[in-house]
Amino acid sequence: MIDFIHSLSQLLVYVFLLTGIYFLFSTALGMIRFPDFYTRLHAGSKCLMAGGIAVLMGCIVLEGIGFVSLKLIVLILFLVITNSIAIHVIASFADNYNILPKTIVENDSDE
Amino acid sequence: MSKINERLKKLHTIALVVALAVFLLVVVYEIHNLDNNSKRYLSEHYISEGVRETGAINLVTSVLYDYRAFDTLGEATVILTAAAILSLLVPVSKATMLGTKFSIIVYQTTKFSIPFLAVLGVHLIFFGHLSPGGGFVGGVVLSIIPILLTITYGVEFSESKLKPAKKKLVEDIGAIGFILLGLLGVVTGSNFLANGQANFGPGNTGELISAGLIPYLNVMIGIKVGAGLAIIFNSLIKEK
Amino acid sequence: MLYLILAIVLSAILTFYRVIKGPSVPDRIAAMNSIGVMFLLVLVLLSYYFERKIFIDVALIYGVFLFINVLVMSKYFSEPEKGGVGD
Amino acid sequence: MKKILLFLITLALWFVFAGRVTIEVFLLGTIICSILSLMFVDNGFKLVQMKYETKEFLLKIYYILLVIISFIYDVFLSAVRVSRHAFEIKPSFSPRTVRIKTSLENTNSMAMLINFITLPQGTLAMDFDNLSKNYFIHWIDVHSDDEAEIKKARISKHENLVSKLFG
């Protein structure tokens, strides 16, 4: 029984790490291939965060219960809060830099 | 003609980079050439005896604050003089920073994350002899707090919250405290900044209160580096 | 484990193409941000490869510096606002 | 009360960083965290006005956990959607920019909403106007006006979630 749980957790670790690496690789591909700055930023925010969360969750499962996994949870929280703010700062900076998105700007603010 | 000139310039830069790379490779190879016995007796001694003599697990800390503590004093003096001269040379009291203003979201996040950054910096300073970090890194993380305030809110707000005179006072306390702690070694009858030879109670290796003087030296260096970097950043950002 | 680390490093190198080529400054900053996060993950995985848990502390400090880096860069490179707080 | 909450959070963080529980660590942590919470309580938590009292906030922890789990699930879902675009041979986008007005009063919950806008769904918060409280949002896959309306409804759902947390 204990052996089964051990092998199951090992499998879970590899699933998490592989999904994380898939997302990170798609981040790199999206950064190269996407045509517009804002779409590139989509790849740089969502795929990157999903990959980071997946890799760190794999590390937590690998570690088990302890202080190190608590530290990893703090790292996840820090990364999520920080990175979304960083992406927002970059986007508003690009807006100030006069980089226009290749789109139709809709003007429907429902008052 | 101008095209050839530009091309020559590019070639020149590439050749410079390649030459620098080769030079660095040779230097690194010379440093790591461990066959030569005369170069490595000192590092062998540090590695094998460092934990027993100083009581600090972190080997870098034991070198920085025990074997080579006098050099650390010199490095700290560099920051002290840099901060003093910069605050003397840049007398602009009011200035505005370039750039866009951030939206209110960044303000909120900055405010929210400041206490936790402070906890991280203090932890790095106090656990410098047990885990990675130490005075210098902890000081840099502590100095991030005024830097964040300066970036998001502007120089004036940051200087009204943390007065420059107070920062200077904290920095001076750090510098004087380091020297006073060093003089303790002279009082007990050994060298200046002696720790391992003077037997300041090395304690049990691996606990919080151990390694003699090293934690206190870490605290002094930490507050000194933090205040000094904050002063340097705030005076450099004031541009007219 | 080593192959996973090498895969992340490979994707970081691929992202570096955008840093070199990127037509504008924000492109480069965004690419540098993602490269930084990737190497932070490499640090966490290396702590399991070498079996030294202290690298996680290093990764935490690296994350703090990355955040400050992005804020300062996007503040420094942007143009002053029109009609804003001019000297 | 805010001081005690900040003190508890910083003390927990201190133990997590230290990685050991001994008497010395506890004593040093209490001294440092009390100094820090006294120093930063008006600096850090001045604008964080909570709708509820601190006591009720502690009782809502299970609710916060639920929000975090659904948040992570949303992030994975949208990441799959974006990464499918990255692996396509010929990526087809139809991005557009939309302006959305929030009804949130609290500045803190506005900052929370940016997490919910940027990371889950196919959206990206570009800018925020403080006076009229408008978010400028960049969508990645919106094909028609009707679809935009449907997706706007999803954001207002998240807005309700956030407003329950902080008010």
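The values are calculated or read from the model by the stated rules, or taken from the named source; none is laboratory data. Just so it is clear, the structure is predicted and the values come from calculations on it, not from any experiment. We place every Cβ from the backbone using ideal geometry, glycine too, and count neighbours over all the protein chains shown. Just the protein is used for accessible areas: all its heavy atoms, side chains included, with ligands, DNA and RNA removed. Shrake-Rupley method; radii C 1.70, N 1.55, O 1.52, S 1.80 Å.
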- line: Karplus-derived 3J(HN,Hα) from phi for segment B:111-121 (6.51 cos²θ - 1.76 cosθ + 1.60, θ = phi - 60°), whole Hz, x at Gly and Pro, runs 4, 5, 8, 5, x, 6, 5, 5, 4, 4, x
query: Against the longest principal axis of chain A, how steep is helix A:48-63, in degrees 0 to 90 to the nearest 10, with axes from Cα atoms?
result: 10 degrees
- prompt: How well do other chains shield peptide D:66-73, expressed as the mean number of their Cβ atoms within 10 Å of each residue Cβ?
  reply: 1
task: Whole number in Å², please: accessible area per residue of chain A, 1.4 Å probe, ligands, DNA and RNA not counted.
output: 42 Å²
- line: Between the modelled labels at residue B:44 and residue B:190 (7 Å from Cα along Cα→Cβ) the distance in nm is 2.4 nm
task: Provide the per-residue ³J(HN,Hα) series for segment D:75-82, in order, calculated from phi with Karplus coefficients 6.51, -1.76, 1.60 and θ = phi - 60°, each as a whole number of Hz, with x at glycine and proline positions.
output: 4, 5, 4, 6, 5, 4, 5, 6
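Around residue C:19, under 10 Å between beta carbons, what's the net of Lys plus Arg minus Asp minus Glu among the other residues?
Working: positive: C:18, C:21, C:28; negative: C:27.
For residues surrounding residue C:19, the net value is +2.
Return a whole-number percent for the relative contact order of segment A:2-96, with Cα pairs under 8 Å and 6 or more residues apart as the contact set.
Details: 70 pairs, mean separation 29.7, N = 95.
Result for segment A:2-96 is 31 percent.
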- prompt: With θ set to phi - 60° and the Karplus curve 6.51 cos²θ - 1.76 cosθ + 1.60, what are the ³J(HN,Hα) couplings of segment B:126-135 in order, to the nearest whole Hz, using x for Gly and Pro?
  reply: 6, 9, x, 8, 10, 10, x, x, x, x
- request: Under 12 Å from the Cβ of residue C:31, count the other residues' Cβ atoms, weight Lys and Arg +1, Asp and Glu -1, and hand me the total.
  value: +3
For chain A: span of alpha carbons on each principal axis (Å, largest first): 61, 28, 27
message: In chain A, if the dipole is taken from +1 on Lys/Arg beta carbons and -1 on Asp/Glu beta carbons about the Cα centre, which of A:20, A:97, A:35 is farthest to the positive end?
response: A:20
- prompt: What fraction of the Cα pairs in segment C:9-76, stated in percent, has a spacing above 18 angstrom?
  reply: 45 percent
field: Charge sum, other residues only, whose C-beta stays under 13 Å from residue B:162's C-beta, Lys/Arg counted +1 and Asp/Glu -1
entry: +2
message: With the crude spin-label approximation of a point 7 Å out along Cα→Cβ, what separation in nm comes out for residue B:17 versus residue B:89?
response: 3.1 nm
field: Sites residue D:4 and residue A:8, calculated FRET efficiency, Cβ-Cβ separation with R0 35 Å, nearest 0.05
entry: 0.25
query: Where in segment B:122-161 does accessible area fall by at least 40 Å² between the isolated chain and the complete protein assembly, at a 1.4 Å probe radius?
result: B:122, B:123, B:126, B:127, B:132, B:144, B:148, B:151, B:161
